[in-house]
Amino acid sequence: MKELRVLAPTAILGYGFPIQSFEEGLRRDPHLIAVDAGSSDPGPFYLGAGVSFTDRSAVKRDLELLLTAARERKIPLIIGSAGGSGGEPHLEWNVDIIEEIAKEKKLSFKMAVIHGEISPELVQDKLADGKVKPLPPLEELTCEELEKTERIVGQMGIEPFIRALEMGAEVIVAGRAYDPAVFAAPAVLQGFDRGLALHMGKILECACIASTPGSGSDCMMGFLREDCFLVEPLNSARRCTPMSVAAHTLYEKSNPYLLPSPGGALDLSETQYLAASSRAVKVTGSKFIPDPNYTIKLEGVKKIGYRTISIAGVRDPVMIQQIDEIIDSVREKVAENFAVQNLTYFLDFKVYGKNGVMAGLEPVVETNSHELGIIIEAVAPCQAKADTICSFARSTMLHWGFEGRLSTAGNLAFPYSPSDFQAGPVYVFNVYHLLEVSDPCELFPMELCQVGEVGA
């Protein structure tokens with residue numbers, strides 16, 4: 001039976017994995033080791049600032065194990081969304097770690113570096129040609145908005161990876177990529193069904209999160225066959241069930257039957273999830289529906305200011321009962337105090353123990369919390385002004401005289417000194433659009449280089 005075995009060591013490069021699980025995966029004789037290294041989930045800051053949300057030492061630890069195993073077995077190692085966000089500085093950061101390991105371990109291989117950052121000028125040209133469309137809730141993209149954009153990446157599909165493999169790459173490190181692409185590309189190149197390959201990649205990209213108990217820091221194995229695929233965790237303490245795999249398929253998706261991807265969509269209307277053993281699940285029926293217009297999802301960010309926060313606790317039951325009114329009063333006092341300076345700022349109070357997680361979407365109206373955690377957040381055009389707004393809001397709330405107040409020593413308990421923290425620049429996503437291309441590889445230039453001495 002024709003079969004492709006794929007080892008997914010961890011949900012995100014740098015999240016770690018047990019060596020015992022990894023060795024168990026190697027005993028299954030994988031044809032490929034693939035790992036997703038990033039996500040937009042941590043928010044826009046990392047893309048805008050050009051830094052990774054994973055720690056360098058943790059990423060190097062994972063990569064040492066992956067690179068060494070892949071080269072010993074002469075199988076490909078493929079990394080997508082390098083450095084977390086997949087922009088140019090993130091890619092360079094990841095490549096630097098790979099080259100450092102190769103030098104230390106005396107490894108030799110052909111490496112493909114696929115770039116994923118896209119210039120605003122290129123997007124502007126496509127915009128003028130009517131090739132850019134918004135994804136809700138964003139509106140139509142404008143030239144004015146593009147001028148404010150700090151960095152844009154495109155979410156590449158399987159085609160750039162296939163091209164790299166065809167050119168003999170043994171290690172591939174790529175910028176921002178569709179998460180399942182690193183797992184599916186070698187399979188599609190070898191003639192496996194694209195729908196099954198992408199669906200298996202959808203499960204493997206989060207590794208053992210699709211098992212029970214779930215974990216993003218443990219290894220998962222995928223077995224792709226001509227008419228199905230199987231997934232199985234490599235830690236005996238975990239197991240995949242039809243429910244856990246089906247549930248993860250719906251992860252971050254608004255439509256349970258149609259999952260958009262570069263170049264088309266996964267049709268899951270006839271997909272079945274069956275227990276193949278006490279720990280493995282067999283999946284059948286997933287299909288890929290090509291789109292006549294190939295589109296790439298763009299992710300771009302702009303800087304909107306600088307943030308300062310203060311963390312405090314409230315234990316006074318009288319204050320807790322009036323917390324909404326007190327916050328409104330503090331907002332008014334801040335606005336009144338700085339009205340003459342005409343300061344532009346954003347001021348927010350996140351109240352944990354009441355509605356800090358869901359804010360206005362919280363269905364529980366009345367709570368009986370005996371204490372509250374409050375985060376005061378100020379965002380302004382510069383750090384100094386953010387400091388000013390946060391400091392004034394914090395001191396105003398600390399000494400606010402509310403009805404029924406008994407103590408005058410202060411309303412807030414601060415766990416830290418200093419009480420205010422500069423959080424630095426603030427970014428928001430302002431480009432979250434689809435860009436139509438005639439060639440799936442046209443936005444993603446590739447370099448093929450020799451790392452280490454041949455025969456080393």
*For the pairs LYS253/LYS350; LYS103/LYS302; LYS350/LYS385; LYS253/LYS354, note any where the Cα-Cα span goes beyond 30 Å.*
LYS103/LYS302
*asked:* Over the stretch 303-429, what is the relative contact order in percent, taking alpha-carbon pairs closer than 8 angstrom and at least six residues apart?
replied: 48 percent
*Theoretical ellipticity at 222 nm over the chain - DSSP helices of four or more residues, -39500 (n - 2.57) apiece, nearest 500*: -9000 deg cm²/dmol
*May I ask you to list the chymotrypsin sites (Phe, Trp or Tyr not before Pro) in the stretch 351-456 that are in a DSSP loop and have at most 11 other Cβ atoms within 10 Å of their Cβ?*
TYR416
*Give the cross-link partners of LYS131 among the lysines, using a straight C-alpha distance below 18 Å as the criterion and excluding same-chain residues fewer than 8 apart.*
LYS297
*asked:* What whole-number distance in Å separates the alpha-carbon centres of the stretch 196-243 and the stretch 45-67?
replied: 23 Å
*Estimated inter-spin distance, PHE402 and VAL365, nm [label 7 Å along Cα→Cβ]*: 2.0 nm
*Output the relative contact order of the stretch 61-160, whole-number percent, from Cα pairs under 8 angstrom with separation of 6+ residues.*
25 percent
*Surrounding net charge for GLU299, when Lys and Arg each add one and Asp and Glu each subtract one, Cβ distance under 10 Å*: +3
_Less than 24 Å apart at the alpha-carbon level, and either on another chain or at least 8 residues along: which lysines does that give for LYS2?_
LYS74, LYS202, LYS282, LYS287
*How big is D for the stretch 303-429, in µm² s⁻¹ as a whole number, if Stokes-Einstein is applied with the Kirkwood radius of its Cα pairs at 4 °C and 1.567 mPa s?*
85 µm²/s
*Can you sort ASP193, ASP387, ASP218 so the residue with the fewest Cβ neighbours within 10 Å comes first?*
ASP387, ASP193, ASP218
*Packing-based exposure ordering (other Cβ within 10 Å, fewest first) of LEU434, LEU259, LEU138*: LEU138, LEU434, LEU259
*Under a plain spin-label model, where a point goes 7 Å from the Cα along Cα-to-Cβ, how far apart in nm are TYR251 and GLU270?*
2.7 nm
_Which of LYS354, LYS103 has the fewest Cβ neighbours within 10 Å, and the rest in rising order_ = LYS103, LYS354
*asked:* I need to check one value: relative contact order of the chain, counting alpha carbon pairs closer than 8 Å and at least 6 residues apart, in percent.
replied: 20 percent
*Label-point separation in nm, GLN321 to LEU343, each point 7 Å along Cα→Cβ*: 3.3 nm
*Let me know the charge dipole size of the chain about its Cα centre in debye, to the nearest 20, where only the beta-carbon of Lys, Arg (+1) and Asp, Glu (-1) is charged.*
1140 debye
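Bear in mind that the values in this text are calculations on the coordinates, not laboratory data. Model, not experiment: these values are computed from the prediction. A quick note on method: Cβ atoms are made from the backbone with ideal geometry, for glycine too, and the neighbour counts reach across all protein chains shown.
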